[in-house]
Amino acid sequence: MNFFIDNWHLFLVAVVSGGLLLWPVLRKGGGGAGSVGPNEAVRQINREKGVLIDVSEPAEYAEGHASGARNVPLGKLEGSRDLPTNKTLPLLLMCPTGARAGRAAGLLRKAGFEQAVAVSGGTAAWREAQLPISKLTDKAEKAEKAEKSDKSEKTDKTGGKAT
């Protein structure tokens with residue numbers, strides 16, 4: 001008993017640190033869903049046929065988004081035809097920081113999507129985890145380069161005139 005009384009501060013530190021470690025688990029357990037990290041999101045996409053949805057505005061989406069993500073802006077989320085019809089599939093929601101994705105996950109859970117969760121940290125965390133990022137400008141530039149190379153091939157074949 002003297003040991004406990006003499007070292008009460010060590011026991012207090014142990015209890016507080018244990019509580020801080022358990023807090024995220026207890027918080028998720030209460031609501032049933034919250035957020036997942038980028039690596040867990042990839043696991044759900046690959047193993048559970050999860051659908052990645054970026055709730056950013058179109059301009060933000062064009063600047064950079066997780067490869068394979070569908071763009072459904074937060075304002076157009078309710079009633080969107082871009083959402084899967086199977087409401088039991090995992091929906092993984094992202095935005096640049098993760099803030100809007102959390103709101104979107106709540107809206108979709110209320111709409112009946114049982115496994116709607118936000119990807120914590122959003123596109124920034126996705127990029128930090130070194131997962132693939134796409135830009136719409138990249139796709140446009142590739143298409144433009146392909147078109148130019150097609151024209152140059154036609155020019156060579158037709159003797160200087162593009163058809």
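The values are calculated or read from the model by the stated rules, or taken from the named source; none is laboratory data. Everything numeric here is computed off the predicted structure, so don't read it as measured data. Reconstructed Cβ throughout: ideal geometry from the backbone, glycine too, with neighbour counts over all protein chains shown.
The single condition among (1) modelled with pLDDT of 85 or more; (2) within 16 Å of ALA66 (Cα to Cα) that PRO84 does not satisfy is (2). Residues that are more than 20 Å from LEU136 (Cβ to Cβ) and touching a Leu at 6+ places or on another chain (Cβ under 7 Å) number at least 3 in the following strands (runs of 3 or more DSSP E) confined to segment 21-124: 116-119. Put simply, of ALA59, ALA66, ALA99, ALA118 the only residue that is of a type in the set (A, V, I, L, M), in contact with a strand residue (DSSP E or B) (Cβ under 9 Å, 6 or more places away or on another chain) and surrounded by fewer than 18 Cβ atoms within 10 Å (Cβ to Cβ) is ALA99. Looking only at residues in segment 118-138 that are under 9 Å from the mean Cα position of the chain (by Cα) and of a type in the set (A, V, I, L, M, F, W, C), the one that is nearest to TYR61 (Cα to Cα) is TRP126.
Can you find even one residue in segment 121-140 that is over 18 Å from VAL42 (Cα atoms), among the polar types (S, T, N, Q) and at pLDDT below 90? The answer is yes; a qualifying residue exists.
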